[in-house]
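Read through the structure below, which is laid out as structure tokens, and then see the notes.
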Amino acid sequence: MTRASNGEPLVRMEGIVKRFPGVLANDHVDFELLPGEIHALLGENGAGKTTLMNILYGIYQPDEGQIFVKGRRVRIRSPRDAIRLGIGMVHQHFLLVDKHTVAENLAMGYAKSFLNPLREVKARIRDFTERYGIQVDPDAYIWQLSVGEQQKVEIVKALYAGADILILDEPTSVLTPQEARDLFNVLRRMREDGKGIVFITHKLSEVFEVADRVTVMRRGKVVGTLRVEEATKEALARMMVGRDVVFELERTPGRPGEPVLEVRDLTVLGDRGREAVRGVSFEVREGEIFGIAGVAGNGQRELVQAIVGLRRVKSGSVRVTGVDATNRSPREIAELGVGHIPEERLKFGIVPDMSVAENSVLKSYYRPPYRKGLLLDYGEIRRTAESLINEYEIAVPSPDTRARLLSGGNMQKLIVGREIRRDPKLIVASNPTFGLDVGATEYIRKLLLRKRDERKAILLVSGDLDEVIQLSDRIAVMFEGRFVGIVRPEEVTREEIGLMMSGSEVLP
Amino acid sequence: MIEAKLVENILWIGLRSATPLLLAALGEIYAERSGILNLGVEGMMAVGALSSFATALVTGNPWLGVLIGMLSGGLLAMIHGAISIGLKGNQVVSGLALTMFGLGLSSVLGRVYVGNQLPVEARFLPKPVEPLSSIPVLGRVLFDQDPLFYISLLLALVMWFLLYRTKYGIIIRSTGENPAAVDAMGISVNRVRYLSTLIGGVLAGLAGAYLSVAYNPAWIENMTAGRGWIALALVIFSLWDPIRALLGSYLFGVVEASGYTLQAYGYSQWLLNGLPYLLTIIILTLGATESMRRRMGAPAALGRPYEREER
Ligand SMILES: Nc1ncnc2c1ncn2[C@@H]1O[C@H](COP(=O)(O)OP(=O)(O)O)[C@@H](O)[C@H]1O
Ligand SMILES: [Mg+2]
């Protein structure tokens, strides 16, 4: 599987330091990439992987350190410099213009002719299709493409510029397992061509599947670089987390009771006015975790928003504990006993510039004991915050700290604590562990399981298939706004769910 | 035959009064397509009108007047550029300030010119293009106009072509949609935005020059009379498309001219006179809401500063 790779490194980074306000994102990092290798950059969220590669791509400037590309000392001031040096990067969040076609996205940077730039671009896109087996339609609009297809466009973009150094930032996080396998094949063909590939990931299994070497990062530092055949899963996990990791969660069989959430024929429009959710029906019972799996962008977001009152329902109904909640306001729905752990917590979960204390009563400040006449009782609000901080082990200097300054894990604990404190009957959780480190992830997952055992109904939407399989009693797989099927995790394999995520109905 | 004459008149005046609207809207379309909202159009127009009037009056050369008008519009736009691109300031505030500044400046400095007329040789005059101008009705409307009219028409076509058919146009449109994507391609977002903002200012200055050197070659207080705001509304009305801006501005111009002309025939046409302004208020109000703008296909990054190391 590996190839002997010798000769001069394509990239050598030495002693890279990068500081952000309050964080040392890269702390004297050394990194090396050889031609003809796939080099995994492994680390937990927040370890500094993206920062390091953004420095190589000229998006960030290092505070200290040196970079050599193909033996020459270079300063990379902007992506333009990086592109000239033969470096291409596929970001975790794609950098494409949605409203434009594939060809336009490429022509913007790389067309040589001023007039009729699209024709030349289309011809070259076809080249890549043949050479690396990357299928993309040059005339398709980006917004029409699935995330997997958009990723291919990003790869073509990098190749088009003549990159022989390709950086992929967590490329599989948006793919179905089958799409991931296709991607790995493309990468292998590029390796045959002598290109060097940096593959950023936090999933151990992927390291063993494609990489030749792996560099592990933790808290801004490199812990070590190994050849993959010398590494074991346990050793890498220990390097990554800094302690032994338990891979399994304890889960007792569920005993579902009465339905708490009933959704019937729900149709919801997306931002562009197209139907994002198309006639979905299901129910979530007390004492049950109902998981929704699927590649991001298949209507999960709109479904959740409709349930919690953040988006209008076009047709169909939502009932909570038997009461009609269709198109009620978010506050009314919350009062029916719904707690919501939203995705994008910095945007929807907290008010970043208000204090931790204020954030801890965002959903109940308008009621006693926090409201006293026209005023707020800040003493009571602080007491609530303090009890949340203790109970949920939130690391924060004081309740008066601005919420923006919390780390992702602590922010999420604050949100989860706030929602659970209101004693909801239904908890709607969207990607609750996205971007959290292993410790916080474990904490949140265990908490959800505990709440299930306390007879709460839980709707879990997650792009992390392993999370859904691990936690859920039943799993619905969503594709293009519909449920492809509802299955029990013990009755299907991970691969079967993966297939369903791409729309095929595999009925067990 | 009175009727045909009346229609001809309305159309002829309509296209003339549409020309400054078109010029300013074309420029603003480029600025907004790159993501920069410049509400200073009215102010840039006013200063452009004054500086070109003064130049034409002193030198007797209308072309020199136009040149100075364009330069001063461009200069003012660069103030807006420095604040909103360089300093990443609030574009609405900066644009409004620019309008107030421009209107104030032109009114104070223009005081000495109030009542002055440009001598005939310092004006742009309509000149019939024989034999096309003898086509009934449309002949006079389209082929008995001044040079700036033809330039504006041509400009709309050229600017449409640049925007939709060339690499440069793709870059401008992409910058207004997703500047991070443009940056990642190795293209300087700031350079694109400065240039587009400059184009916007130069054309607003040209629009002002048209008012004072061709349309109404005498200096009066409040020369622009809200036309900058009408142009801004036209940008939305045209859905950021130069050709549609051409059609839209002619529509607005003709509506305005019918009020104006019918008055001379003894009708009281306060409604028609006010109609362009009413439409402007409605369109700008609609365009002020985020969700409406998105539905109409406004540039997604319109009004938002771009910073590389920000998340
Ligand atoms: N633009 C930025 N501004 C402030 N802090 C940042 C920025 N980018 C990254 N960080 C911080 O730097 C650390 C490393 O982040 P990152 O490189 O994204 O980690 P990884 O990619 O390994 O998950 C994190 O603590 C993150 O919060
Ligand atoms: Mg990252």
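The values are calculated or read from the model by the stated rules, or taken from the named source; none is laboratory data. This is a predicted model, so every value here is computed, not measured. Cβ atoms come from the backbone with ideal geometry, glycine included; neighbour counts cover every protein chain shown.
Just one of the listed residues (A:Asn26, A:Asn54, A:Asn6, A:Asn45) is more than 16 Å from ligand 2 (Cβ to nearest atom) and either at pLDDT 95 or above or among the polar types (S, T, N, Q) (or both), and it is A:Asn6. Does B:Leu162 count as more than 14 Å from chain A (Cβ to nearest Cβ), among the aliphatic types (A, V, I, L, M) and surrounded by fewer than 21 Cβ atoms within 10 Å (Cβ to Cβ)? Answer is no for this residue.
Residue-wise test of (1) within 24 Å of the chain's Cα centre (by Cα); (2) at pLDDT below 85; (3) not in a loop (DSSP other than H, G, I, E, B).
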| position | (1), (2), (3) |
| --- | --- |
| A:Val246 | yes, yes, no |
| A:Gly254 | no, yes, no |
| A:Glu262 | no, no, yes |
| A:Asp265 | no, no, yes |
| A:Arg272 | yes, yes, no |
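Being buried (at least 24 other Cβ atoms within 10 Å of the Cβ), over 12 Å from the mean Cα position of the chain (by Cα) and of a type in the set (Val, Ile, Thr) holds for only one residue in B:Val92, B:Val47, and it is B:Val47.
Given the condition away from ligand 2 (no atom under 16 Å from the Cβ) and more than 21 Å from the chain's Cα centre (by Cα), answer yes or no: does some residue in the stretch A:173-186 qualify? Yes; the residues of the stretch A:173-186 include at least one that is away from ligand 2 (no atom under 16 Å from the Cβ) and more than 21 Å from the chain's Cα centre (by Cα). Pairing residues of the stretch A:435-459 that are within 14 Å of chain B (Cβ to nearest Cβ) and more than 16 Å from A:Arg421 (Cβ to Cβ) with residues that are within 16 Å of ligand 2 (Cβ to nearest atom) and not in a strand (DSSP E or B), at Cβ distances under 9 Å and at least 6 apart in sequence or on separate chains, gives A:Gly435/A:Asn45; A:Gly435/A:Gly46; A:Gly435/A:Gly408; A:Gly435/A:Gly409. Restricting attention to the stretch B:97-150, and to residues there that are more than 22 Å from B:Val47 (Cβ to Cβ) and among the hydroxyl-bearing types (Ser, Thr, Tyr), which single residue is modelled with the highest pLDDT? Restricting to residues being more than 22 Å from B:Val47 (Cβ to Cβ) and among the hydroxyl-bearing types (Ser, Thr, Tyr), the top hit is B:Tyr150. When the residues of the stretch A:113-147 are filtered to those that are assigned to a loop (DSSP other than H, G, I, E, B) and hydroxyl-bearing (Ser, Thr, Tyr), the one that is farthest from the other protein chains (Cβ to nearest Cβ) is A:Ser146. Restricting A:Arg12, A:Arg73, A:Arg19 to those that are more than 16 Å from ligand 2 (Cβ to nearest atom), surrounded by 17 or more Cβ atoms within 10 Å (Cβ to Cβ), in a strand (DSSP E or B) and not small (Gly, Ala, Ser) reduces the list to A:Arg12. If you go through the stretch B:137-151 one residue at a time, do you hit one that is part of a loop (DSSP other than H, G, I, E, B), touching a Leu at 6+ places or on another chain (Cβ under 8 Å) and within 14 Å of another protein chain (Cβ to nearest Cβ)? No. Taking the criterion of being crowded, with 21+ Cβ neighbours inside 10 Å and among the hydroxyl-bearing types (Ser, Thr, Tyr), the residues of the stretch A:161-199 that qualify are A:Thr172, A:Thr176. Restricting to the stretch A:90-112, and then to whatever is in a helix (DSSP H, G or I) and farther than 22 Å from B:Gly297 by Cα, can you tell me which residue is nearest to the other protein chains (Cβ to nearest Cβ)? Checking each candidate, the answer is A:Gly109. Within the set B:Gly297, B:Gly253, the sole residue that is within 18 Å of B:Leu6 (Cβ to Cβ) and of a type in the set (Gly, Ala, Ser) turns out to be B:Gly253.
Each residue in the stretch A:37-52 was checked for being more than 6 Å from ligand 1 (Cβ to nearest atom) and either within 17 Å of A:Val210 (Cβ to Cβ) or part of a strand (DSSP E or B) (or both), and 6 of them qualify. When restricted to residues that are facing another protein chain (nearest Cβ under 7 Å), touching a residue at least 40 places away in the same chain (Cβ under 8 Å) and assigned to a helix (DSSP H, G or I), the stretch B:174-190 contains 3. Among the conditions (1) within 16 Å of B:Val182 (Cβ to Cβ); (2) within 15 Å of ligand 1 (Cβ to nearest atom); (3) within 7 Å of chain B (Cβ to nearest Cβ), A:Tyr60 misses just one, which is (1).
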